[in-house]
Amino acid sequence: MKKPLLEVKNLKINFKTYAGLVQAVRGVDFTLYEGETLAIVGESGSGKSVTSNAIMKLIPQPPGIYADGHILFEGKDLIPLSDKEMSKIRGNEIAMIFQDPMTALNPTIRVGKQIMEVILKHKKVSKHEAQERAIELLRQVGIPMPEKRFNQFPHEFSGGMRQRVVIAIALAADPKLLIADEPTTALDVTIQAQILELLKELQKKRKTSIIFITHDLGVVANVADRVAVMYAGQIVEYGTVNDIFYNPKHPYTWGLLGSMPDLNNKSDEKLYAIPGSPPDLTNPPIGDAFAPRNKYALAIDFEKEPPMFKVSDTHYAKTWLLHEYAPKIDVPEPIVRRMERYKKEAELGE
Amino acid sequence: MNSNHKLLEVKNLSQYFGSPSNPIKAVDEISFHIFEGETLGLVGESGSGKSTTGRSIIGLYDITGGEVIFKGKNIHQVKSKKEQKQLKREMQMIFQDPYASLNPRMTAGEIISEGFDIHGLYRNKSERQAKIISLLEAVGLNREHMTRYPHEFSGGQRQRIGIARALSLDPSFIIADEPISALDVSIQAQVVNLLKELQEERNLTYLFIAHDLSMVKYISDRIAVMYRGKIVELGDADEIYHHPIHPYTKSLLSAVPLPDPILERKRKRIPYVHEETPDTAKMHEPLPNHFVYGTDEQVNKWVHQAQL
């Protein structure tokens with residue numbers, strides 16, 4: 001049995017705004033095991049970044065409020081920790097990679113020094129040793145001529161190279177958990193492919209657990225072991241990458257998967273779009289938050305929030321459609337194609 | 001769906017920036033045409049010159065060289081104000097950022113109808129109202145949205161306003177510069193479906209600029225791939241997608257992550273090693289309607305490698 005590294009339990013985060021209290025995260029539960037990659041997918045405003053920032057304790061208070069829940073990292077709850085205690089964990093045991101490598105680096109400090117800073121803060125090593133480690137890290141993240149690059153400034157690096165430096169900084173203290181918040185969104189596809197390869201390779205070597213936040217399902221298919229789909233501040237479906245991509249149960253997941261063209265989409269076929277837009281979380285809808293956009297919504301969806309239904313040991317979804325009394329419905333065409341494809345692959349033996 | 005009538009022809013278009021002695025060749029002698037009623041997808045990485053191409057065509061820059069011929073007229077040589085205005089009615093643009101491309105101090109109705117004032121159209125108030133409402137409805141909004149300001153709309157709705165504005169003067173040709181890349185996945189599909197519907201209803205011709213290859217393949221009839229200011233490959237969407245010839249196209253296609261874990265696990269990324277193409281390089285047509293840029297030897301070699 002794999003050991004859980006991080007357990008998030010009933011996490012609720014609110015923000016006080018002039019418009020009222022925004023319930024950005026509304027009861028999120030998940031477990032992250034050692035050495036695995038969990039992808040959290042969702043649209044902007046779904047609460048995926050707030051969740052990951054909450055784990056790092058990066059939610060400014062005020063306006064943010066940790067309204068409820070626990071974040072257990074190796075069994076220890078992070079929420080009650082003071083800033084000082086947290087700064088020993090941040091960057092050391094839990095590190096983060098941000099979306100924009102332009103703004104994540106200090107433009108006035110040489111990159112080598114920015115990496116050394118982390119090592120010197122968290123490890124008991126001499127300056128000389130830290131420098132050697134920093135150069136080694138630059139080499140590991142695939143930067144050519146690391147000795148020379150060590151003394152350069154961020155502006156002397158391309159976007160992809162800069163993101164490699166950001167990864168080197170994140171890995172500098174050998175963290176157990178790496179949170180990557182849209183790390184490749186600002187990069188070109190060819191560079192994105194390189195960075196994803198690099199992250200996977202480094203993970204294999206170091207056994208780091210990764211939480212990967214993204215809205216790009218292609219990236220999820222590439223990196224994730226397990227996937228959590230977020231909508232309106234809640235996880236609406238989670239399972240292994242195969243569960244989610246080939247046997248999705250939640251209509252929102254259907255919508256996400258159907259709205260991306262696949263290779264078999266004929267161009268005269270319409271994309272399966274989700275109508276409308278996400279709800280306002282100052283005043284979350286009663287019942288299932290997705291119901292107003294869901295063409296499969298049942299009457300109960302507008303009255304009562306569905307619980308998490310178990311599909312299999314690895315797969316759960318929060319929709320009344322899984323209730324035993326729910327009517328049979330026709331799964332949309334692109335999703336049926338996915339299920340069939342998977343069956344065929346399974347028969348062939350992957 | 002598309003006729004054989006060339007609506008737009010671009011011949012040896014160049015757009016340089018910087019000093020004349022040491023120019024940055026953002027677009028470097030590219031040629032292509034777009035048939036009436038079709039969608040040409042223009043893909044490439046940032047800095048490849050795809051947006052510059054779009055902006056040069058619509059006349060946002062003074063081009064360095066070449067010709068842009070629209071409906072038989074060279075648009076950069078049209079001198080009379082009247083003809084220029086007419087051309088601008090025919091050619092419109094949809095921008096990437098639905099936040100930056102709408103004036104925050106104007107209502108949706110004002111934004112959509114701004115072109116009417118410039119071109120002296122719909123002077124009758126009720127006629128104007130009716131036109132604005134029909135445009136809003138065409139893009140899936142309704143009359144109540146007319147008096148609202150951009151900040152009251154979501155990203156997807158704003159992009160719909162941008163589309164309504166582009167349609168307001170009944171153009172025949174629309175340049176869509178990354179119209180969906182700032183939108184969420186579920187909203188992207190809505191906007192793409194809308195663009196397709198409008199194309200059918202109004203017989204529009206699109207130049208669709210994007211970096212998301214799977215979406216480009218879905219919406220385009222033909223695709224042009226740009227790299228360092230050159231079109232390196234051009235052909236039917238399926239052909240480019242399934243039988244790429246230029247090594248850059250192959251590399252680009254191999255890098256696009258697909259929402260399919262089984263495929264992703266099996267896929268191999270093809271790194272691209274740039275091969276200098278000397279000045280003798282030109283567009284070749286190794287297969288019917290499938291063009292590749294390079295020297296004779298290069299193209300022969302690539303065709304051989306592609307095992308066609």
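The H on the amide N of B:Tyr227, modeled in the peptide plane, is under 5 Å from the matching H of B:Val232, each at least 5 residues off or on a different chain. Note: relative contact order over the stretch B:1-124, using C-alpha pairs below 8 Å and six or more positions apart, is 23 percent.
Among the trypsin sites (Lys or Arg not before Pro) in the stretch B:237-278, those placed in a DSSP loop whose Cβ has at most 12 other Cβ atoms within 10 Å are B:Lys268. Evaluating 6.51 cos²θ - 1.76 cosθ + 1.60 at θ = phi - 60° for every residue in the stretch A:303-319, the Karplus couplings come out as 10, 9, 6, x, x, 6, 9, 8, 9, 8, 4, 9, 10, 10, 9, 9, 8 Hz, glycine and proline recorded as x. For the protein assembly as shown, the antiparallel share of DSSP beta bridges with both residues in that region comes to about 60%. Using only the Cα atoms of the stretch B:222-279, build the gyration tensor, take square roots of its eigenvalues as a ≥ b ≥ c, and label the shape rounded, prolate or oblate: rounded if a/c is under 1.5, else prolate if a/b is larger than b/c, else oblate. Oblate.
Using all alpha carbons of the protein assembly as shown, what is the percent of pairwise distances in each 10 Å bin, ordered from the shortest bin to the longest? Per 10 Å bin, starting at 0, the Cα pair percentages come out as 3, 14, 23, 25, 20, 12, 3, 0.
Placing unit charges on C-beta atoms (Lys and Arg positive, Asp and Glu negative, everything else neutral), compute the dipole magnitude of the protein assembly as shown about its Cα centre in debye, rounded to 20. Display every interim value, and only then the final one.
Working: 82 positive and 83 negative charges, 277 e Å.
Dipole about the Cα centre, nearest 20: 1320 debye.
Mind checking the mean number of beta-carbon atoms from other chains within 10 Å of the Cβ atoms in B:208-219?
That average works out to 3.
From other protein chains only, count the Cβ atoms within 10 Å of every residue's Cβ in A:274-281, then give the mean. Numbers along the way, then the final one.
Details: counts 6, 3, 5, 9, 4, 0, 0, 0.
Shielding by partners across A:274-281 averages 3.
When each of the peptides A:197-206, B:237-246 is scored by the mean number of other C-beta atoms lying within 10 Å of its residues, the order from highest to lowest reads B:237-246, A:197-206. Between A:Met230 and A:Val41, A:Gly42, A:Val236, the built amide H atoms are under 5 Å apart, and every one of these is 5 or more places off in sequence or on another chain. Per-residue ellipticity at 222 nm computed for the protein assembly as shown from its helices equals -10500 deg cm²/dmol, with DSSP H segments shorter than 4 residues left out and the rest contributing -39,500 (n - 2.57). Taking B:Val191, B:Val232, B:Val273 in turn, the Gaussian network model of chain B (Cα-Cα springs below 10 Å) assigns the largest fluctuation to B:Val273. Computed on chain B, with alpha-carbon pairs under 8 angstrom and 6+ residues apart, the relative contact order is 20 percent.
Could you check how many percent of all C-alpha pairs in the stretch A:197-305 are farther apart than 24 Å?
36 percent
Peptide B:243-256: average number of partner chain Cβ atoms within 10 Å per residue?
Working: counts 0, 0, 0, 0, 0, 1, 0, 0, 3, 4, 1, 3, 8, 5.
Mean number of neighbouring Cβ atoms from other chains: 2.
Taking every DSSP bridge with both residues inside chain B, close to 60 percent are antiparallel.
When Rg and the Kirkwood radius Rh are both evaluated on Cα atoms of chain B, their ratio Rg/Rh stands at 0.99.
A simple rule links phi to the HN-Hα coupling: the Karplus curve 6.51 cos²θ - 1.76 cosθ + 1.60 with θ = phi - 60°, which for the stretch A:190-195 gives 5, 6, 4, 4, 5, 5 Hz, with x for Gly and Pro. Most tightly packed first, judged by the mean number of other beta-carbon atoms within 10 Å of their residues, the peptides B:88-96, A:252-260, B:63-71 read A:252-260, B:88-96, B:63-71. Note: relative contact order over chain A, using C-alpha pairs below 8 Å and six or more positions apart, is 19 percent.
Restricting the stretch A:59-114 to trypsin sites (Lys or Arg not before Pro) that sit in a DSSP loop and have at most 14 other Cβ atoms within 10 Å of their own Cβ leaves nothing. Sparsely packed loop sites in the stretch A:11-45 (the chymotrypsin sites (Phe, Trp or Tyr not before Pro) outside DSSP H, G, I, E and B with at most 16 other Cβ atoms within 10 Å) comprise A:Tyr18.
Bear in mind these aren't lab numbers, they're just calculated from the coordinates by the rules spelled out. Worth saying up front: this structure is predicted, and the values here are computed from it rather than measured. No Cβ is skipped: glycine too gets one built from the backbone with ideal geometry, and neighbour counts run over all protein chains shown.
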